[in-house]
Amino acid sequence: MLDLTMLYFVMVLIAGIASGYALRRRKKLDFSKVAFGIIMVLIFSLGFSMGSNGELLSSLPRVGLEAFVIMLLAVAFSVVLVKAAGKLVKLG
Amino acid sequence: MIKYILLALLLGSVAGYLNSNWATVIDGKWVSNYAFNASLLLLLFVMGVQLGMDREAAAKMRRTGLRILVVPFAVASGSIFGGLLAGFVLGKSVVGAMAVSAGYGWYTLAGPLVGQLLGGQWGAIGFVANFLRELLTVITLPLTRKAGKNVPVAFGGATTMDTTLPVIVRYCGPEALITAFSSGFVLSVLAPFSIMALATLG
């Protein structure tokens, strides 16, 4: 996804924030139902790409355990360092 | 919320599996690319509006400022160090394990790229390890959210700018949007370079 799509994401996000800022004086809008619906579509299509990825499904049983150990340690130390760095620079 | 997320994930996987292995109803690209990107763009806009309207969140973010950028670099160093340790624990190539963990959860990049640089076996591990990272980020959110503000973002790595972003914001509130997005963005840019750099050590 290291391409134009990333740029679109940033632009759409900025456009959203700007619109929200402009709408500030208005009564608070509630998007939670809309957002919920879109999240479901998003998660469904995420599952869809996992399920249709034959290469992924066939390598799961073969390398699953090793991959799991690597992933778990990577995640664990990410959390440790993020917490430590957060204290260091006083991230609220 | 997590019930619905897991259900949608499961239904999606089954549908994707049946569609590509049993009877192709639609071109998978329509769901994996177009539906995915369209809903993500729409959601980014909606989440942006909510953030823009939220006075408290804006004030909080102004106080944090650029210090927020320590998060992705901490995730990158933590992931690579975890990979190093995993290499020792498993008695396998330390370089391979580090390159795999430098995918930061972006499995569609890490799988092919590590495979190309270090061979098919490592490619498969890179694929699965990063896929598991994404999956774990989504299914553990109700727990990780309680463990600290930036913990879900640390879990998600590069995925927090797209696939796991909506779920994180849903659970952690609008002010998590910028932390998650910027961290995921920086890590997505870093991932290909750090994989390549680590692979050349081997």
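Values as computed for the structure displayed
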{"item": "Near pairs, Cβ below 6 angstrom, 6+ apart or cross-chain, from segment A:62-80 (within 7 Å of chain B (Cβ to nearest Cβ) and free of Cβ contacts under 8 Å to residues at least 40 places away in the same chain) to any residue that is of a type in the set (S, T, N, Q) and buried (at least 24 other Cβ atoms within 10 Å of the Cβ)", "result": "A:70/B:101; A:74/B:79; A:74/B:101; A:78/B:79"}
{"item": "Residue check for residue B:100: modelled with pLDDT of 95 or more, part of a helix (DSSP H, G or I), at the interface with chain A (Cβ under 7 Å from one of its Cβ atoms) and closer than 27 Å to residue A:47 by Cα", "result": "yes"}
{"item": "Number of the condition not met by residue B:57 [criteria: (1) hydrophobic (A, V, I, L, M, F, W, C); (2) at pLDDT 80 or above; (3) over 19 Å from the mean Cα position of the chain (by Cα)]", "result": "(2)"}
{"item": "Filtered residues of segment B:69-97 (kept if at the interface with chain A (Cβ under 7 Å from one of its Cβ atoms) and more than 26 Å from residue A:57 (Cα to Cα))", "result": "B:70, B:71, B:74, B:75, B:77, B:78, B:81, B:85"}
{"item": "Answer from A:13, A:23, A:56 - the residue that is at the interface with chain B (Cβ under 7 Å from one of its Cβ atoms), within 26 Å of residue B:127 (Cβ to Cβ) and out of contact with any Lys or Arg (no Cβ under 9 Å at 6 or more places or on another chain)", "result": "A:56"}
{"item": "All positions within segment B:135-178 that are surrounded by fewer than 24 Cβ atoms within 10 Å (Cβ to Cβ) and within 19 Å of residue B:102 (Cβ to Cβ)", "result": "B:135, B:136"}
{"item": "Answer residue from segment B:136-158, given it is touching a residue at least 60 places away in the same chain (Cβ under 8 Å) and part of a helix (DSSP H, G or I) and is farthest from the other protein chains (Cβ to nearest Cβ) among those", "result": "B:142"}
{"item": "Filtered residue count, segment A:15-67, keeping only those that are more than 20 Å from the chain's Cα centre (by Cα), outside any helix (DSSP H, G or I) and within 29 Å of residue B:26 (Cβ to Cβ)", "result": "1"}
{"item": "Unmet requirement for residue B:35, which otherwise passes all of (1) within 18 Å of the chain's Cα centre (by Cα); (2) closer than 24 Å to residue A:16 by Cα; (3) facing chain A (nearest Cβ under 7 Å)", "result": "(1)"}
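The values are calculated or read from the model by the stated rules, or taken from the named source; none is laboratory data. As the structure is a prediction and not an experimental result, all values here were calculated from the model. Using ideal geometry, Cβ is built from the backbone for each residue, glycine included, and neighbour counts are taken over all protein chains shown.
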